[in-house]
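Below you'll find the structure, written out as structure tokens, and then a few comments.
Values in this text are rule-based calculations from the coordinates and carry no lab data. Only a predicted model underlies this, so the values are computations on that prediction, with no experimental measurement involved. Cβ atoms come from the backbone with ideal geometry, glycine included; neighbour counts cover every protein chain shown.
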Amino acid sequence: MRGEKRIYERDVIIETISRLLIPFIQLFALYVIIHGAGGPGGGFQGGVIFASSFVLYLVVFGLAAAGKRFPEGANTALMSTGVYLYAGVGLLCILVTLGAAEYLNYGYIPLTHMFEENRALGMDLVEIGIGITVMAVITEIFFNLVWKKEEEGGKEE
Amino acid sequence: MKPISVIALISVLILGGLFIYVAEDIPAFGDPNSAPNRYVKLFSIDADEEIVGNLNQGVIPPGLMDKIEETGLPLPTKVEKARGLEGEWVEGEWEAFIIPEEKYYALPTTQFGTAPDAPKEQRYYLIKKEGDTLDVYRYAPIIRYMEEGEHETEVPNMVTYILADYRGYDTLGETTVIFTAGVSVILLLRRRGKMPK
């Protein structure tokens, strides 16, 4: 990928280290989202950690490579998917209770036979939705800012 | 000085004053026994010896019952002396319990034929003797979340079950705010065709 514009010059050490680190950052982000119920963490925090891995990728490998890994179409779609997942879990409660006003009362979703366990699992689904939205939005903001800056920098030269 | 900057200065001052006024009442963070965190005052009645004796024997006095009925809150079924932080009895403080009648408990059978746990007594009122009057407090909702949340949701993390379950609408709104931020970035910055490939 010669002649490609980057924020920084190419550096073998940084590229190798980030190539090693990024999967573990993403794994840790998933851990934070899934274990939001049992320990510290949750959707917001996990989503931001996940987004930080894409930010690192963009800083190291440049916009073109990052755009291939995480295309903007998928980005836009994921952004609304999280909110739809959250609101959909709420609507599912209304559907399961056949129209009772139980929006976002996760206990009625028949995932297990225990009301309380259903609430815990519904909370996990909701956290996943939050995580997807936060991840997509943070990545989106950073990608677009970098893209804009590169465009303007290209004009000046 | 332009008039708009004068207006802006005045509104900033008003907001700052309002914030200071509100912040005065915010309790110290993490102090579970500060009054706004712990309970809300309902009313106070005169402390007869008869009423105090009744309370000490675990009988709810009829006068108190009538007062609570006037407020429209659920009636207590049991009263006993309050316990301190280390489990000791506290003189001059009593706790009244109710049996909650929520829809949550009124779901006897699901499609699997199992009923949720039987209704459980819940601490609801705190009665305190202050000089010659008895003050009746109701425990604040946050106390209910702290005490019943883990039992009701099977999630050990208090932050998560308040954020995602009891305050689910609020969190849905927050997620929508973040989504709106992303949409505005798309509208404002992504205007000139596709990203470079």
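Taking other C-beta atoms within 10 angstrom as a stand-in for reagent exposure, A:152, A:9 fall in the order A:9, A:152, fewest first.
3J(HN,Hα) couplings calculated from phi for segment B:52-69 with the Karplus curve 6.51 cos²θ - 1.76 cosθ + 1.60 (θ = phi - 60°) are, in sequence order, 5, x, 4, 5, 5, 8, x, 10, 7, x, x, x, 5, 4, 4, 4, 5, 5 Hz; Gly and Pro show x.
Can you pull out the trypsin sites (Lys or Arg not before Pro) in segment B:116-174 that DSSP calls coil and that have at most 16 other Cβ atoms within 10 Å?
On the way: sites: B:120, B:123, B:128, B:129, B:138, B:144, B:167; in loops: B:120, B:167.
Sparse-neighbourhood loop trypsin sites (Lys or Arg not before Pro): B:120, B:167.
Applied to segment A:128-141, the Karplus parametrisation 6.51 cos²θ - 1.76 cosθ + 1.60 on θ = phi - 60° returns per-residue 3J(HN,Hα) values of 4, x, 4, x, 4, 5, 4, 4, 5, 5, 5, 4, 4, 4 Hz, with x for Gly and Pro.
Work out the mean other chain Cβ neighbour count within 10 Å for the residues of B:180-188 and drop it here as an integer. Could you put the intermediate results ahead of the total?
On the way: counts 2, 5, 15, 5, 1, 9, 8, 0, 2.
Per residue, the number of nearby Cβ atoms from other chains is 5 on average.
Taking each residue of B:149-158 in turn, how many C-beta atoms of other protein chains fall within 10 Å of its C-beta, and what is the average? Don't skip to the answer; put the middle values down first.
Working: counts 0, 1, 1, 4, 11, 11, 10, 4, 9, 0.
Per-residue shielding by partner chains comes out at 5.
Dividing the summed -39500 (n - 2.57) terms of all DSSP H runs of n ≥ 4 by the residue count of chain A sets its mean residue ellipticity at 222 nm at -26000 deg cm²/dmol.
Neighbouring Cβ atoms within 10 Å as the yardstick, rank A:11, B:132 fewest first. Mind showing how you got there, number by number?
On the way: A:11 12, B:132 9.
Ascending number of Cβ neighbours within 10 Å: B:132, A:11.
Near residue A:41, once Lys and Arg are set to +1 and Asp and Glu to -1 for all other residues with Cβ below 13 Å from its Cβ, the sum equals -2.
When chain A is described by a simple charge dipole with +1 on each Lys and Arg Cβ and -1 on each Asp and Glu Cβ, the residue from A:126, A:80, A:145 located farthest towards its positive end is A:145.
Amide H to amide H, which residues 5 or more places from residue B:133 or on other chains are under 5 Å from it, using H placed in the peptide plane? The list, which skips near neighbours in sequence, is B:47.
Between amide H atoms placed 1.01 Å from N, distances below 5 Å from residue B:126 occur with B:96, B:137, B:138, B:139, all of them 5 or more places distant or on a separate chain. Remark: segment A:80-87, residue by residue, has Karplus-estimated 3J(HN,Hα) of 7, 4, x, 5, 5, 4, 4, 5 Hz, where x stands for each Gly or Pro and the curve is 6.51 cos²θ - 1.76 cosθ + 1.60 at θ = phi - 60°.
How high is the relative contact order of chain A? Use alpha-carbon pairs under 8 Å, at least six apart in sequence, and give a whole percent. Walk me through the numbers on the way to the answer.
Working: 199 pairs, mean separation 44.0, N = 157.
So the answer I get is 28 percent.
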